[in-house]
Each structure stands twice: as C-alpha cells, then as structure tokens.
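Since the structure comes first, as structure tokens, the remarks are kept for the end.
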Amino acid sequence: MRTLNSAKNMASSLFLTLSMILLGFFTRKVFVDNIGVQYLGLNGLLSNILGVMSLLEGGFAASVVYNLYKPLAEDDRPKIIALMQLYRRVYRYIALGLAIFALCLYPFLGYFIKGGEDLEYVSVVYFIFVFNSIVGYFAAYKWSIINASQQVYRLTLINTVYQVGLNLTKLAILYYTKNYILYLVVESLFGVGLNVAYVHKANKLFPYINTKKKYEVEKETKNVIITNMKALFLHKLGGYFMHSTDNIVVSAFVGVSTVGLYSNYTLLTSVINTMVNQVLGSFSESVGNLIASENREKVYNVFKTIFFIDFLVSSIPVIIMFNTLGPFISWWLGDEYRLPNATLYAILLNFYIYAMRSSSYTFKTKSGIFVQDRFTPLLQGILNLVLSLLFVRWWGLTGVLFATSLSLFAIGFWQFPRLVYKYTFHQPLSNYFKKYVLYTIIGLITMGVSAALCHLNPVGHKLVYVIVNGIISVVCIAVIYFLAFCHTEQFGQMLMYAKTIFKRKK
C-alpha cells in the first residue's frame, strides 16, 4: 500500500507540475513585458531576504513530522493529537516572532537594493511578502499530517485549482491593469484560500484531531524533538547561507535587474528540480520502512538502484538544458535576457551537484541522522557567503554561482554520502565515488556528443532550433545510456520497479 501511495503522490505531483510549466512560462513572459525585469528581481530579492524568517522555525516542523510516522502507522490517536496540538501551539508563537522580526528588518531594506531607483511602493511590496510568509504557518500543522500519512495526492485537485486560478487571474491583471500591487494582493488572497482548503481537507481526513481535549506529548518524545530541532536549526541556518544569500549579494553589489535576469533561468531549473525531487521523493517513505525492517545488505542494494535513478533524473535535464536553455531564453523573452555561457555552466553544475545528493539525503534523513552533521551545513553556508562576497567583485553573478560550486565541493559534495555509508550501510565511501565518477563521465560523454551534433543544427526559427536541439539531446541520451547501462543490475532493478508500479496502477 505504501508503494502504491508513493506512486500516486509522484504521479499526481508530476501531473500538476507539468500542467503548470506552460502557464508559468507564459505568465513570466507577460510579467517581464508589462511590469519589467527590475520588479522581477525585487521578487527574488525579497523572497531571499525574508527567507531568514524561516530560521525562527528552527527545524521544528521536520522533527514533529518525523515523529508522526510511527503513531500514524499504528493509529495511535492520542499521540497524534498531542503532536498536532504541540505543533499548532508552537507555530502561533513562531508567526508572532516572524511579524516582529520583519518589522525590525524593514529599516535596513534599502541597503540590499542596488539600481532600484525606479522601483515604486517597495514598502508596500515588502509587507505583502511578509504577510505571505506568515500566513502559511497557521495551516502548516494540518498539512503536515497529510504529508506524514502519504496522502499528498489527495491535494492534487486543490493544488490544480489554486495554480490554474492564480496564474489565470495574474495574467488578466498583468494584461489589463499592469498593476504590480494588485498582482501581489491577488497572490496573497489565493494563498489564504489555499491554506483554508488544506485545513478543510485535513479535518475531513482526520476529524479526530479537532478535539478540544488537551493531550500532552510524552517527555521522551519531547526530548527527541528538541534534540533533532537543535540539529535541524543549524542545518536550516547553513541552508539559508547556502541557498538564500546569492540573490541578496547580487542585488547589493551588481544590481536588482541582474537578479531578475537570473530568475528567468532559475524558474526553469527550479521546475525541473521540483520534478526530480518528486521522482526521488516517491521512494522516501518506502526507504524509511526499508531501513526499519530489512537487513543492511538489502538496504544498500536498494540505495544503489535509487542512486542510479538519481543520476538519470539529474543528468538528463542537465544535458538537455546545456543544448537548449540559452536558445530557449532568446525565443521566450529575447536575446537581451540571455546570460553569458559561463553563467549557464555554473547554473547547470550546481543543479547537477544538488540533484545527485538527493538519494543520499533521503537515506540520511530516513535513517534519523540529524545530529552527526549538525555543524557542517553551517560551515558550508558561511564558506559560500564569504566566497560570494569575494568573487562578486571580480566576476559578478558568475562569481557568486561558482562560489556555491566551490562550497559544495569543499563540504556538501561528500558529507551526505559519508554519513549514510558510515552509519547506515557500513560500507567504504570509495564505493560511492567510484559510481559517481563513472556515471559523471558517461554523462559528460553524452553531453559532448549531443553538443557536437547540435552544433550542426542550422540556426533558423528560434523555436524550431530549440526543439531540434532537444530531440538530438534526447536521442543521444537514449542511445548512449542504454548501451552503457542495459546490462547493469541497477538498470534491471529500475525496470522491475517501473513494472510493479504500472501493474499496481492498472
């Protein structure tokens, strides 16, 4: 049943993601044409600045959800209710803390915006973003129980209506009024509606959690939550320095418009990254059960198959984007919105490194490994910020992105696999990197062959050029990957899993 639910989660999430791609790109095009790239950069900047507010949550959500798995599996309702009541209570205090923090941060907002003299109503925009950052916390505890019970697929209709309704309404506002404030207000109203819908669905699926009777979380469980929360706070702090400071540094030292140009690229890479996470996330709960119930050898064999799938869903988008992303931006928005090739290479390198860590990250979290690496994300994040501040003065945006690459190679590249190989598999880490290097070499060969063939493609109509390059890339991937992997154990295991899912769905 868990495997089937995982398949439903993945299928429903992928369907929603794919259905939103076209609408999302069209909305971005209309936004750039009618509002301007500076406001696009302001969006990205404020999202990153206010991302620091999430640090106040300190990993509490992940720790509570982790502790929900067992009582949900055993239908231990008193324990479930106790955790949900604790979650709700803490998040109300967090929301209040976020509001106070946002007020304290407001006077320093101007220091982060370079070249934004033409921007209007920045204060209004800021507080709308603050509201959007806070409102989700009032429904987060309801969403968490749906997530922990592997029933996210039940939210597909809600998410689809939300995404379609929001994007169509924003398109209408952009096209007919060109009013950026109204655009943001509508986004906020849809966000409130989405959270109300989540609460209603959770109440329907788990009506017993609405009791007024007070339940207390056991002292032992509280201690586990607090211990994990302390470690996860350091993870979140390091993650903020790693993932949410780039736009701030670029905006402060290069210009807010450059953040807007960069966001056009990250729009596509984030969509693909979401799909990668959904594919690999479909294994997540099964991994937790596997680790708890199977022997170490079985767990390790499953990891090798998931790592192979991780490579496929990481490298295939990189190869295709290498040959199509620049021309696609030219067709979609115009040549003036393209970034230098060096910047594109840095974006794709970071995408690949992050995506290839997903399998080891899944096994790490499902093994309950939170404390052992509590300091390394912070060290990685600080290193990234220091290098970004150094490199941005010489190489601008490209320097900031390569600072991220160097930080990942220095720490994050090997840390997740080291932990799972040491504490979960009890295997030498060299086994992991042998596979990593082999897979990467095959991916680079495929990229080189496809790029050489794409170079022969005569430049005509921009969209046709993109499509032909995409077809060439896919054919090269299919042929070379099949020849390289068709006789491997991991390829066979992947096919067996796909057949199992297909039969279950039928």
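The values are calculated or read from the model by the stated rules, or taken from the named source; none is laboratory data. Just so it is clear, the structure is predicted and the values come from calculations on it, not from any experiment. When we count neighbours, we look across all protein chains shown, and the Cβ atoms used for this are built from the backbone with ideal geometry, even at glycine.
Taking the conditions exactly as written (more than 30 Å from ALA82 (Cα to Cα), in a helix (DSSP H, G or I) and not aliphatic (A, V, I, L, M)), does THR169 satisfy them or not?
Against the criterion (more than 30 Å from ALA82 (Cα to Cα), in a helix (DSSP H, G or I) and not aliphatic (A, V, I, L, M)), THR169 qualifies.
Can you spot a residue in region 449-472 that is free of Cβ contacts under 8 Å to residues at least 24 places away in the same chain, out of contact with any Pro (no Cβ under 6 Å at 6 or more places or on another chain), part of a helix (DSSP H, G or I) and within 28 Å of PHE303 (Cβ to Cβ)?
Scanning region 449-472, I find no residue that is free of Cβ contacts under 8 Å to residues at least 24 places away in the same chain, out of contact with any Pro (no Cβ under 6 Å at 6 or more places or on another chain), part of a helix (DSSP H, G or I) and within 28 Å of PHE303 (Cβ to Cβ), so the answer is no.
For every residue, the table says whether it meets (1) under 21 Å from LEU419 (Cβ atoms); (2) of a type in the set (Lys, Arg); (3) part of a loop (DSSP other than H, G, I, E, B); (4) modelled with pLDDT of 90 or more.
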site: SER270; (1), (2), (3), (4): no, no, no, no
site: THR274; (1), (2), (3), (4): no, no, no, no
site: GLU297; (1), (2), (3), (4): yes, no, no, no
site: MET321; (1), (2), (3), (4): no, no, no, yes
site: LEU325; (1), (2), (3), (4): no, no, no, yes
site: ILE329; (1), (2), (3), (4): no, no, no, yes
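So which residues in region 234-279 are under 19 Å from LEU387 (Cα atoms) and under 15 Å from the mean Cα position of the chain (by Cα)?
Matches in region 234-279: GLY239, TYR240, MET242, HIS243, SER244.
Let me confirm something: among GLY412, GLY396, which residue is on the phi > 0 side of the Ramachandran plot and assigned to a helix (DSSP H, G or I)?
That would be GLY396, the only listed residue that is on the phi > 0 side of the Ramachandran plot and assigned to a helix (DSSP H, G or I).
Hey, any hits in region 209-221 for a residue that's of a type in the set (Ser, Thr, Tyr), farther than 30 Å from LEU119 by Cα, in contact with a Lys or Arg (Cβ under 6 Å, 6 or more places away or on another chain) and at pLDDT 85 or above?
Within region 209-221, none of the residues are of a type in the set (Ser, Thr, Tyr), farther than 30 Å from LEU119 by Cα, in contact with a Lys or Arg (Cβ under 6 Å, 6 or more places away or on another chain) and at pLDDT 85 or above.
Hey, could you check region 217-260 for residues that are outside any helix (DSSP H, G or I) and in contact with a helix residue (DSSP H, G or I) (Cβ under 7 Å, 6 or more places away or on another chain) and say which is surrounded by the fewest Cβ atoms within 10 Å (Cβ to Cβ)?
Across region 217-260, the extreme among qualifying residues is SER244.
So, in region 362-393, exactly how many residues are over 22 Å from the mean Cα position of the chain (by Cα), among the basic types (Lys, Arg) and not in a helix (DSSP H, G or I)?
Qualifying residue count, region 362-393: 0.
Out of the residues in region 359-379 meeting the condition of being surrounded by fewer than 22 Cβ atoms within 10 Å (Cβ to Cβ) and of a type in the set (S, T, N, Q), tell me which one is farthest from LEU312 (Cα to Cα).
Residue satisfying both the conditions and the ranking: GLN372.
Given the condition within 21 Å of LYS236 (Cβ to Cβ), surrounded by 21 or more Cβ atoms within 10 Å (Cβ to Cβ) and at pLDDT below 90, answer yes or no: does some residue in region 380-394 qualify?
Looking for residues that are within 21 Å of LYS236 (Cβ to Cβ), surrounded by 21 or more Cβ atoms within 10 Å (Cβ to Cβ) and at pLDDT below 90, one finds at least one in region 380-394, hence yes.
Pairs only if they're at least six apart or on different chains, beta carbon under 7 angstrom, first in region 24-36 and hydrophobic (A, V, I, L, M, F, W, C), second assigned to a loop (DSSP other than H, G, I, E, B) and surrounded by fewer than 18 Cβ atoms within 10 Å (Cβ to Cβ); list them, first residue then second.
Short answer, once both residue conditions are applied: ILE35/LYS178.
Can you pull out the residues in region 473-488 that are in a helix (DSSP H, G or I) and without any contact (Cβ under 8 Å) to a residue 60 or more places away in the chain?
Across region 473-488, the qualifying residues are VAL475, ALA478, VAL479, ILE480, PHE482, LEU483, ALA484.
Which residues, taken from region 105-147, are out of contact with any helix residue (DSSP H, G or I) (no Cβ under 7 Å at 6 or more places or on another chain) and either without any contact (Cβ under 8 Å) to a residue 24 or more places away in the chain or basic (Lys, Arg) (or both)?
Passing the criteria: PRO107, PHE108, GLY110, GLU117, GLU120, SER123.
Given the criteria over 18 Å from LEU68 (Cα atoms), in a loop (DSSP other than H, G, I, E, B) and free of Cβ contacts under 8 Å to residues at least 12 places away in the same chain, does LYS212 qualify?
Spelling it out, LYS212 is indeed over 18 Å from LEU68 (Cα atoms), in a loop (DSSP other than H, G, I, E, B) and free of Cβ contacts under 8 Å to residues at least 12 places away in the same chain.
Look at LEU205 and say whether it is more than 17 Å from SER388 (Cα to Cα) and touching a helix residue (DSSP H, G or I) at 6+ places or on another chain (Cβ under 7 Å).
Here the answer is yes, as LEU205 does meet what is asked.
Could you run through region 447-484 and say how many residues are more than 23 Å from PRO327 (Cβ to Cβ) and within 28 Å of the chain's Cα centre (by Cα)?
Within region 447-484, residues that are more than 23 Å from PRO327 (Cβ to Cβ) and within 28 Å of the chain's Cα centre (by Cα) number 1.
Report whether or not ILE353 is touching a Leu at 6+ places or on another chain (Cβ under 6 Å) and surrounded by fewer than 20 Cβ atoms within 10 Å (Cβ to Cβ).
yes
Can you find, within region 166-188, the residue that is surrounded by the most Cβ atoms within 10 Å (Cβ to Cβ) among those that are of a type outside the set (Asp, Glu) and within 19 Å of TRP143 (Cβ to Cβ)?
Within region 166-188, the match that is surrounded by the most Cβ atoms within 10 Å (Cβ to Cβ) is LEU166.
Which of the residues spanning region 113-152 are surrounded by fewer than 19 Cβ atoms within 10 Å (Cβ to Cβ), assigned to a helix (DSSP H, G or I) and modelled with pLDDT under 80?
Hit for region 113-152 is ASN147, nothing else.
Just checking, how many residues over region 420-448 are in a helix (DSSP H, G or I) and within 30 Å of SER367 (Cβ to Cβ)?
20
Sort through LEU83, LEU103, LEU72, LEU109 and tell me the only one that's of a type outside the set (Val, Ile, Thr), farther than 20 Å from MET229 by Cα and surrounded by 17 or more Cβ atoms within 10 Å (Cβ to Cβ).
LEU72
Return yes when ILE347 is at pLDDT 90 or above, surrounded by fewer than 20 Cβ atoms within 10 Å (Cβ to Cβ) and closer than 18 Å to PHE311 by Cα and no when it is not.
The answer is no for ILE347.
Quick test for you: out of THR398, THR404, THR446, pick the one residue that is within 18 Å of VAL318 (Cβ to Cβ), buried (at least 20 other Cβ atoms within 10 Å of the Cβ) and in contact with a Cys (Cβ under 9 Å, 6 or more places away or on another chain).
The conditions single out THR446.
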